[in-house]
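Asks: Submitted below is the structure of interest, expressed as structure tokens.
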């Protein structure tokens, strides 16, 4: 390569990096066969690995590899500019399932059309649920779309650029077709391009699609046009899943974590308005013996500014810290049972009384206390929820005897040792990370070392225990469902809940992560001095299981 061409390419690289907030520094390689540049957009989905993406700029087919501390050129692998929408070479298929075993999926084969203006994820007419042993092909079939930012493109999108954190798939090519398995909370996203394979070993759950565009900014999806159709089918090597074993007539009906599942006659239906504040009560009381199935109808509602409109089961974007459930989608339907807040991300949705007890209440994930705008006041739309007892429940009257808790509950001890204690300061507005990680198979109990110990959280808690003072706090407090000065907790982004002097966290597939604590107070100082006039701390200790109820977990 002569020096003039090299300088020209270096100038082009610098001009491409500038809009991304990046600059070139350090050594570089202009080798035509440098193996370090690997086109793998899925790396953006793994926060434990550095982002290593390749970008091809048309015309000329330049490819960059941006990694910490290095910038590598690679030109040989860049395809020529596509002849038309959808015409570029498909990426290599992923490695596939561990062991090569895959099962066919109900509802396949099928076709799906995705509109570029849709701000919500598109699900096929026949619902496709990716299983742990699914291996599903998604191939470009027809169509194209365009936006003023990238022009006309096919499902590969603008492969020379990357979407911001507000895009449906941050780091992915703008206007690329994105597939998602497993929903917003714990799903896995794929750049479809001309072809990709949905691997059930990465994430299982509902399969849906969207154009990769800005979910938050303006104009967002509104200036897009066109649609793309894809074919969705099982890998030819997949076989029908094995039939379930026959049920013997003497086999007892399914039980609720070892306890009988009893009818509760839940009633309904219930209308949940997007303007309701803060929680809509259902009148459905979930007991340890209950298993209630909720069916949600209503395809969209408006929760400004991001969800306009959006699917109540997915929400849109990522909610900020002032929302009811930070980290989940704005506008997603939330349920609260007792002090536990969970996302209702599919329908029908089963509430299992063996996991939590209390009245089931609902709300939308919004800036309820107006930290950023009008809160629920400028919303519109509603969902209707009907309730029924699970088919496995019987009409037999629940036994009057107390529940007998087994000596060993089906849970595992945490993989890392629990801390000796954790100090939560009443003057600290940041959520306290005590170094306790709740996995889906864990049960962890947090308790105040001396339950009678107190702290001062003025004006009402002066002093009070970790249970707080009063039945509920003011609207600007962190959690209105607990008194002022109550010890609060959250798991990952889910919460808060009232931890009080003792609280047991039961992990599940949708309830897992770091456990955090904070005092319930007026953080924004809407009513007075906020945390500045507080005093005192609480010492929290932890145990696997729940010794108060005789529950121990397996090592």
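The values are calculated or read from the model by the stated rules, or taken from the named source; none is laboratory data. No experiment lies behind these values; they were computed from the predicted model shown. Cβ atoms come from the backbone with ideal geometry, glycine included; neighbour counts cover every protein chain shown.
Asks: Residues in region 492-508 that are at pLDDT 80 or above, farther than 18 Å from residue 354 by Cβ and under 18 Å from the mean Cα position of the chain (by Cα): how many?
Replies: Of the residues in that region, 4 qualify.
Asks: Within region 359-369, is even one residue surrounded by fewer than 17 Cβ atoms within 10 Å (Cβ to Cβ) and touching a residue at least 24 places away in the same chain (Cβ under 8 Å)?
Replies: First, pick out the residues of region 359-369 that are surrounded by fewer than 17 Cβ atoms within 10 Å (Cβ to Cβ): 359.
Keeping just the survivors that are touching a residue at least 24 places away in the same chain (Cβ under 8 Å) gives 359.
The answer is yes, given that some residue of region 359-369 is surrounded by fewer than 17 Cβ atoms within 10 Å (Cβ to Cβ) and touching a residue at least 24 places away in the same chain (Cβ under 8 Å).
Asks: In contact with a strand residue (DSSP E or B) (Cβ under 9 Å, 6 or more places away or on another chain), surrounded by fewer than 20 Cβ atoms within 10 Å (Cβ to Cβ) and farther than 26 Å from residue 439 by Cβ, is that true of residue 501? I'd like the intermediate steps shown before the answer.
Replies: Details: in contact with a strand residue (DSSP E or B) (Cβ under 9 Å, 6 or more places away or on another chain): yes; surrounded by fewer than 20 Cβ atoms within 10 Å (Cβ to Cβ): yes; farther than 26 Å from residue 439 by Cβ: no.
Considered against the rule, which asks whether it is in contact with a strand residue (DSSP E or B) (Cβ under 9 Å, 6 or more places away or on another chain), surrounded by fewer than 20 Cβ atoms within 10 Å (Cβ to Cβ) and farther than 26 Å from residue 439 by Cβ, residue 501 comes out as no.
Asks: Follow-up question, since we're still on this one. Within region 307-374, considering only strands (runs of 3 or more DSSP E) that don't extend past its boundaries, which have at least 3 residues that are within 22 Å of residue 295 (Cα to Cα) and at pLDDT 85 or above?
Replies: On the way: elements: 307-310, 333-337, 340-343, 349-352, 358-364.
Ranges flagged: 333-337, 349-352, 358-364.
Asks: So for region 509-524 (the condition being at pLDDT 85 or above, in a loop (DSSP other than H, G, I, E, B), surrounded by fewer than 18 Cβ atoms within 10 Å (Cβ to Cβ) and assigned by TED's automatic domain parsing to the domain that holds residue 438), does at least one residue qualify? Don't jump to the end; show me each part of the working.
Replies: Taking region 509-524 and keeping what is at pLDDT 85 or above, we get 512-521.
After this cut, where a residue has to be in a loop (DSSP other than H, G, I, E, B) as well, the list is 512, 520-521.
Those left that are additionally surrounded by fewer than 18 Cβ atoms within 10 Å (Cβ to Cβ): none.
The answer is no; no qualifying residue exists.
Asks: Does residue 392 meet the test of being within 30 Å of residue 298 (Cα to Cα) and either out of contact with any helix residue (DSSP H, G or I) (no Cβ under 7 Å at 6 or more places or on another chain) or at pLDDT 90 or above (or both)? Quick ask: steps written out before the conclusion?
Replies: Numbers: within 30 Å of residue 298 (Cα to Cα): yes; either out of contact with any helix residue (DSSP H, G or I) (no Cβ under 7 Å at 6 or more places or on another chain) or at pLDDT 90 or above (or both): yes.
Answer is yes for this residue.
Asks: Could I ask something else about it? Test of understanding: among 452, 471, 440, which residue is out of contact with any strand residue (DSSP E or B) (no Cβ under 9 Å at 6 or more places or on another chain) and modelled with pLDDT of 85 or more?
Replies: On the way: 471 fails: modelled with pLDDT of 85 or more; 440 fails: out of contact with any strand residue (DSSP E or B) (no Cβ under 9 Å at 6 or more places or on another chain).
Going through 452, 471, 440 in turn, the sole match is 452.
Asks: Turning to a different aspect of this structure: Look at residue 478 and say whether it is surrounded by fewer than 19 Cβ atoms within 10 Å (Cβ to Cβ) and within 29 Å of the chain's Cα centre (by Cα). Spell out the reasoning first.
Replies: Numbers: surrounded by fewer than 19 Cβ atoms within 10 Å (Cβ to Cβ): no; within 29 Å of the chain's Cα centre (by Cα): yes.
So residue 478 fails the test.
Residue-wise test of (1) assigned to a loop (DSSP other than H, G, I, E, B); (2) in the same structural domain as residue 192 (by TED's automatic domain parsing); (3) over 29 Å from residue 331 (Cα atoms).
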site	(1), (2), (3)
108	yes, yes, yes
114	no, yes, no
118	yes, yes, no
137	no, yes, yes
141	no, yes, yes
144	no, yes, yes
155	yes, yes, no
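Asks: Within region 223-237, does at least one residue satisfy the condition of being modelled with pLDDT under 85 and under 29 Å from the mean Cα position of the chain (by Cα)? Before the answer, list the steps.
Replies: Going through region 223-237, the residues modelled with pLDDT under 85 turn out to be none.
Within region 223-237, none of the residues are modelled with pLDDT under 85 and under 29 Å from the mean Cα position of the chain (by Cα).
Asks: Something else now. Residue 479 - would you say it is out of contact with any strand residue (DSSP E or B) (no Cβ under 9 Å at 6 or more places or on another chain) and assigned to a loop (DSSP other than H, G, I, E, B)? Walk me through it before giving the result.
Replies: Working: out of contact with any strand residue (DSSP E or B) (no Cβ under 9 Å at 6 or more places or on another chain): no; assigned to a loop (DSSP other than H, G, I, E, B): yes.
No.
Asks: To continue, here is another question. Could you please give the count of residues in region 395-418 that are modelled with pLDDT of 60 or more and not in a loop (DSSP other than H, G, I, E, B)?
Replies: Step one: filter region 395-418 for residues modelled with pLDDT of 60 or more, giving 395, 410-418.
Those left that are additionally not in a loop (DSSP other than H, G, I, E, B): 410-412.
Residues flagged as modelled with pLDDT of 60 or more and not in a loop (DSSP other than H, G, I, E, B) within region 395-418 amount to 3.
Asks: Which residues, taken from region 308-323, are more than 16 Å from residue 169 (Cα to Cα) and touching a strand residue (DSSP E or B) at 6+ places or on another chain (Cβ under 6 Å)?
Replies: Within region 308-323, 308, 309, 310, 312 meet the criteria.
Asks: Still on this model: Can you tell me which residue within region 177-201, out of those that are outside any strand (DSSP E or B) and at pLDDT 80 or above, is surrounded by the fewest Cβ atoms within 10 Å (Cβ to Cβ)?
Replies: Only one residue fits best here, namely 194.
Asks: Determine if region 209-217 includes at least one residue that is modelled with pLDDT under 85, under 22 Å from residue 313 (Cα atoms) and assigned to a strand (DSSP E or B).
Replies: Of region 209-217, the ones modelled with pLDDT under 85 are 215-217.
Those still in the list that are under 22 Å from residue 313 (Cα atoms) too: 215-217.
Going one step further and asking which of them are assigned to a strand (DSSP E or B), we end up with none.
No; the residues of region 209-217 include none that is modelled with pLDDT under 85, under 22 Å from residue 313 (Cα atoms) and assigned to a strand (DSSP E or B).
Asks: Right, here's the next one. For region 332-354, which residues satisfy the criterion of being crowded, with 19+ Cβ neighbours inside 10 Å and over 13 Å from the mean Cα position of the chain (by Cα)? Spell out the reasoning first.
Replies: Kept after step one, since they are crowded, with 19+ Cβ neighbours inside 10 Å, are these residues of region 332-354: 332-337, 339-345, 351, 353-354.
Selection gives 335, 336, 337, 339, 340, 341, 351, 353, 354.
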